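Visitor: Next up is a structure, given as C-alpha cells.
The values are calculated or read from the model by the stated rules, or taken from the named source; none is laboratory data. Just so we're clear, the structure is a prediction, and the values are computed from it rather than from any experiment. Here the Cβ positions follow ideal geometry from the backbone for every residue, glycine too, while neighbour counts run over all protein chains shown. Note: accessible area is taken over every heavy atom of the protein model, side chains too, but ligands, DNA and RNA are not part of it. Shrake-Rupley method; radii C 1.70, N 1.55, O 1.52, S 1.80 Å.
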Amino acid sequence: MRKLSAAIFVLLLGSTAKGQWRQISTQSEPSSLRGLEHRYIVVEDSAAGDRASLEVAIFSTKSCRLRIIDQSREPRVDLEEAMSRGNFLAAVNGGYFDPDYKLIGLLIVDGTIIAPLQKARLLSGVLSVAAKKVQISRVAEFSLAQKPEAAVESGPMLVDLGKSVRGLESTRAARRTFAAVGPGDKAALGFCSDVTLADLSNILPTTLTPDFKIQRALNLDGGSSSAFWFKRANGSAFSISEQKPVRDFVAIVPR
C-alpha cells in the first residue's frame, strides 16, 4: 500500500509562474456509502517533468455532510485514531493554530462558535456547512446569518470561479491539504504530495474533470499538519498520518 507522508507568513510570497500540469493516471475505490469515493491521481508538469500525487475523497452532499472535530485539550490524538472513535467515512486535518494550539481563524463546531472570524491576508476563505449545503466563501462574503453548523476559516484560496488564483507562493514545496466544491451537490476533501501553493492552484482546476469541475478550492493547514483518511467499503482504512498533533479535523459523515 502507498505510504505518503507552519510557516504561515511565507505562503503568499512568490511569483505567478504556472506549470502545465496534466493527469497521467487515476485509480478509484468506493466507500460503503453511495455517493462517496476515494480517488488517487498522479499528475505531471509537462514542462518541468515534475510529478505529484493526490488523494481525494469526493462526495455528494445528498448522502454525506461535513463535521468539524475540535481537539481543544490534551491529549490530542492523530487523525486515524480520532476517526476510529465514531461513524466517520473520510477526513483531513483542518485549519491553522499557533504553537500553543490556539486557533487562528474562525471555527464552528455543531453550531457553536469556538473561535471568531479573523482578518488576515492568509485567511482568505471559509469552508462552511449551512442548510445542507457545503460552501467555500471569501471572508467578505461569509455571514453568520446563515447559521452554519460547521465552519473553518483558512487560506489562501486556490481556485475561484473555476480558475487558478494568481500570485500564490511558487518556491516552497510541501504537503498540502484542501477542500473543494463544484456544481450541484459535489464537494471534496483532499491531500497532495509536495508541491507549491501555485502548483496546487494550477493542478486542481483540471484534475477531477470531466465529472467534477472544481469551482472553488481552499487551502487548509499544510506541511507537517497534512493528513488524509478514508474508510473503504470493506471496513479497512487508507491513512496518511500527520507528522505532528493538530488542533482540528474536517470529516465526512453519513447524512
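Visitor: Students often get this wrong: which residues of the stretch 51-79 have the backbone nitrogen under 19 Å from the point 7 angstrom along Cα-to-C-beta of ASP110?
Guide: Residues passing the 19 Å test: 65-77.
Visitor: So what is the 222 nm mean residue ellipticity for the chain from helices alone, if each DSSP H run of at least 4 adds -39500 (n - 2.57) and you divide by all residues, rounding to the nearest 500 deg cm²/dmol? Numbers along the way, then the final one.
Guide: Details: 2 runs with 16 residues, N = 255.
My calculation for the chain gives -1500 deg cm²/dmol from helical runs alone.
Visitor: Ranked from highest to lowest mean number of other Cβ atoms within 10 Å per residue, what is the order of the peptides 165-171, 200-206? Display every interim value, and only then the final one.
Guide: Details: 165-171: 17.4, 200-206: 24.4.
Answer by packing, highest mean first, reads 200-206, 165-171.
Visitor: Rounding to the nearest 20 debye, state how big the charge dipole of the chain is about its Cα centre with +1 on each Lys and Arg Cβ and -1 on each Asp and Glu Cβ. Let's see the in-between values first.
Guide: Numbers: 33 positive and 26 negative charges, 116 e Å.
Around 560 debye, computed over the chain.
Visitor: Can you give the convex hull volume per residue for the Cα atoms of the stretch 37-102, as a whole number of Å³?
Guide: Details: hull volume 9.9 nm³, N = 66.
In the stretch 37-102, the Cα hull volume divided by residue count equals 149 Å³.
Visitor: Let me ask something additional. At a temperature of 4 °C and a viscosity of 1.567 mPa s, determine how fast the stretch 93-145 diffuses translationally according to Stokes-Einstein, using the Kirkwood radius over alpha-carbon pairs as Rh; express D in µm²/s, rounded to the nearest whole number.
Guide: Values: Rh = 11.9 Å.
D = 109 µm²/s.
Visitor: Considering only C-alpha atoms, what is the centroid distance from the stretch 192-231 to the stretch 41-110, in Å?
Guide: Taking the Cα centre of the stretch 41-110 as reference, the centre of the stretch 192-231 is 11 Å away.
Visitor: May I pose another question? Find the accessible area per residue for the stretch 68-115; the probe is 1.4 Å, ligands and nucleic acids are left out, and the unit is Å².
Guide: 48 Å²
Visitor: Given H placed 1.01 Å from N in the peptide plane, which residues other than close sequence neighbours of LEU208 have an amide H under 5 Å from its amide H?
Guide: ILE214
Visitor: Using r as the Cβ-Cβ distance of ARG255 and GLU29, and R0 as 22 Å, what FRET efficiency do you calculate, to the nearest 0.05? Working shown, then result.
Guide: Numbers: r = 21 Å, r/R0 = 0.95.
So the FRET efficiency works out to roughly 0.60.
Visitor: Past 25 Å, Cα to Cα: identify those pairs from LYS62/LYS147; LYS62/LYS102; LYS147/LYS231; LYS102/LYS186; LYS132/LYS213, in the order given. Don't jump to the answer; show the numbers that get you there.
Guide: Values: LYS62/LYS147 19 Å; LYS62/LYS102 34 Å; LYS147/LYS231 30 Å; LYS102/LYS186 32 Å; LYS132/LYS213 20 Å.
Checking Cα-Cα distances, LYS62/LYS102; LYS147/LYS231; LYS102/LYS186 exceed 25 Å.
Visitor: Could you give the dipole magnitude of the stretch 107-255 about its Cα centre, charging the beta-carbon of Lys and Arg +1 and that of Asp and Glu -1, in debye to the nearest 20? Spell out each step's value before the answer.
Guide: Numbers: 19 positive and 13 negative charges, 31 e Å.
Charge dipole of the stretch 107-255: 140 debye, to the nearest 20.
Visitor: Whenever you get a sec, compute what percent of the accessible area on the chain sits on carbon and sulfur atoms (1.4 Å probe). Walk me through the intermediate numbers first.
Guide: On the way: 5590 of 11240 Å².
That fraction is 50 percent.
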